[in-house]
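For reference, the structure is listed below as structure tokens.
Read-outs: derived from the displayed coordinates by stated rules, not from any lab. This one's a predicted model, so the numbers in the text were calculated from it and none came from an experiment. Neighbour counts run over all protein chains shown; Cβ positions are idealised from the backbone, glycine included.
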Amino acid sequence: MKSAELDRLVRQYGISPTRPSPGDREVAISADTKRKILSALEVELSGTARRETSAPRREQQPEWTDKTIPKSFLPDFLFKTRIWGISLQLYELRSARNWGIGDCEDLSDVADLAGKLGADFIGLNPLHAPFLADPDRCSPYEPSSRQHLNPLYIAVDRLPGFVSSAELERQLEGLRRSDLVDYAGVARAKLGALRDLWRAWLQAGATDETYETYDPVDFDAFVTRGGDSLRRHALFECLSLSMAERGAGAGWRGWPADFRRSDSAAVAEFERRHADEVRFHMWLQWLAHRQLLQVADRARDAGLRIGLYLDLAVGEAVDGSATWSEPDVYISKATIGSPPDPFAIEGQDWHLAGYLPSAIAAGDGSPYRRMLSAAMRYAGAIRIDHAPALRRLFLVPLGSRPDGGAYVRYPQHRLLQILAETSAEHRCLVIGEALGMIPPDLPDELAAAQILSYRILSYEQDEKGFKPPDAYPVFGLTCISTHDHQTLAGWWRSADIQDRRDHGIVPPDLTAKHLQHRQRERRNLKAALRAADIDVPARLSARASRETLRELTVSAYRFIARTPSLLVAVRLADLTDEKRPTNIPGTSDSYPNWKPKLSVSLEGLASNPLLHRITAAMREERPRIHAARERPGSRRISNRQG
């Protein structure tokens, strides 16, 4: 194919002809990259001829104005006040009763505490379905499916009919003592107990008063509403467990060929022979669904006006339930990643499957709408991880390095329409995380769509230093750090820079430059606090004591509380002064990402001095205005079947 014809197709299918580089310049993508990305978009090339499959011509963007851009939902009370909440990783919670992993009952207890402290929301990691057959694939940002829930968060001991045993209690005590979540041990304990409860529930029938609130009729209605999506996910879980036992792995790409598609005769026969097991996994989804609805109700009863705020992963595992169940809506020959930048000079391949641009918004029941609804049904807010995906994704062809990838355009206007419609239906506000390399005009377009921006203190700097509080946007959520960062104390000690060096992510010469830059950042943060008339602790050096850094943390939270941003998130790991990061981006086997637990139990949180100092600062800076509470209609289980 001639280069002119190739470039015409590149333009037609929304492929950017250049990509960024660490040196802050645009680099032309190669002809090989162009061909591979076109193939990933299902444009088959053969010499000078081509056969276009499902990929459409790229969206023609309309001329937008503030009146025509689709606007996502915002509750009325947010036009009159600024609020704050607590963010956490659900699995990291410790308690005297949980099974070695935070669960829905723990989350309800956090909601009660948050309400007493004056918070209005609880921000959570994605609760998407993982690989139950491979529990150590535990990243909440590489789920098996975003349309279903994680059964490991079920509070098993709160289910009707549960009876413990001495042997189980011995197992649970070991799981609770561990400083890291033992996902394999948790899965064994929970799935074993849940199978026993499933058999007892089946035998009891609808007349047993023990199971009165877990009515089989309600379960049947849930299964009917879940349709093929729920059935296929449950079927995948059964197959995944079976294949893992046979040594073929939990992910479908390692399975025998006749099991790699959900519509094959071999799969149909497997489903026929394992119908009860398939129904068991549907039951797990029903239990998780019911308990999460109960948490949402508990949060609102505790006075949290937003309630739960759920995170949405940007993609799914390439070999999980979602891509197996609906292969025609996913890109199969490229994965989502990021181009080379100063903090990842070789670029990143996140090994995530993304929707095809041609399929993501197709039809009334589009994949994007279903994914949004799966989270919004429980939440008063969602956070879209990597919001630039509304416009474009960086795709890395299979077998290529990240520097061999390219940006591909997505139907932004249609996705914003779906966001607006779905958020209005569920009365759920939308937050868009857009950090790193983003189109310069995207933040303004997201703000016009009433999508709150996501502002992290250490990122809000310019050539003069840290931006003052009044420079932050009104339509935003502001925080100190996230799951991908050290706590503020860790940032001050340069622990993040040392981690990148120790794990080989950044070379030593660049590490030295980053450490020098951090010295300037520390000086600039102190100057910003003083300019805002906020106390700067005495003896605040690079080697400051633990207590001095706690004082700094209180001051920093007071700083972001003074911003005009509608929402401020207080990270629980800051309140408990954690030393280990949740996740070190760019690592896999060299660090136990997504496993560290909090050093303080739920029972100890209420008496934690740092928690009370920071939340007191929140209440002082963001006093609650008792406006009429926004309550999405019929949140309660009694009013929402299933």
Mean shadow area (nm²) of the C-alpha convex hull around the range 91-217 is 9.4 nm²
Span from the the range 382-435 Cα centroid across to the the range 510-589 one, whole angstrom: 29 Å
Dividing the surface of the Cα convex hull of the range 340-387 by four yields a projected area in nm² of 5.0 nm²
With loop defined by DSSP as not H, G, I, E or B, and exposure as at most 14 other Cβ atoms within 10 Å, which is the longest segment of the chain clear of exposed GluC sites (Glu not before Pro)? 464-642
At q = 0.10, 0.11 1/Å the base-10 log of I(q)/I(0) from the Debye formula over the alpha-carbon atoms of the range 123-300 is -0.42, -0.51
Output the Cα-based Rg and Dmax of the range 527-607 in Å, rounding Rg to one decimal and Dmax to a whole number. 15.5, 44
Loop-located trypsin sites (Lys or Arg not before Pro) in the range 524-558 whose Cβ has at most 10 other Cβ within 10 Å (DSSP): Arg539, Arg543
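Restricting things to Cα coordinates, could you compute the convex hull volume per residue of the range 362-443 in Å³?
Once divided by residue count, the hull of the range 362-443 is 115 Å³.
When DSSP beta bridges are limited to those with both residues in the chain, what percentage is antiparallel, rounded to the nearest 5?
Approximately 50 percent, going by the DSSP bridge assignments.
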Value of relative contact order over the range 378-421, rounded to a whole percent, pairs C-alpha under 8 Å and six or more apart: 34 percent
Cα-based convex hull, the chain, per residue volume (Å³, whole number): 161 Å³
Across 10 Å bins from the origin, how do the percents of Cα pairs in the range 68-143 run, short distances first? 15, 35, 29, 17, 4, 0
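Hey, what number do you get for the chain at 222 nm if only DSSP H runs of n ≥ 4 count, each worth -39500 (n - 2.57), divided across all residues, to the nearest 500?
Numbers: 19 runs with 245 residues, N = 642.
Result for the chain: -12000 deg cm²/dmol, rounded to the nearest 500.
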What ³J(HN,Hα) values, in whole Hz, does the Karplus curve 6.51 cos²θ - 1.76 cosθ + 1.60 give for the range 224-238 when θ = phi - 60°, with x put for Gly and Pro? 4, 5, x, x, 5, 4, 5, 4, 5, 5, 5, 5, 4, 4, 4
Cα centroid separation - the range 175-199 against the range 305-369, whole Å: 29 Å
Output ³J(HN,Hα) for the range 72-84: one whole-Hz value per residue in order, computed from phi by the Karplus curve 6.51 cos²θ - 1.76 cosθ + 1.60 with θ = phi - 60°, and x for Gly and Pro. 6, 5, 9, x, 4, 5, 6, 7, 10, 7, 10, 10, 9
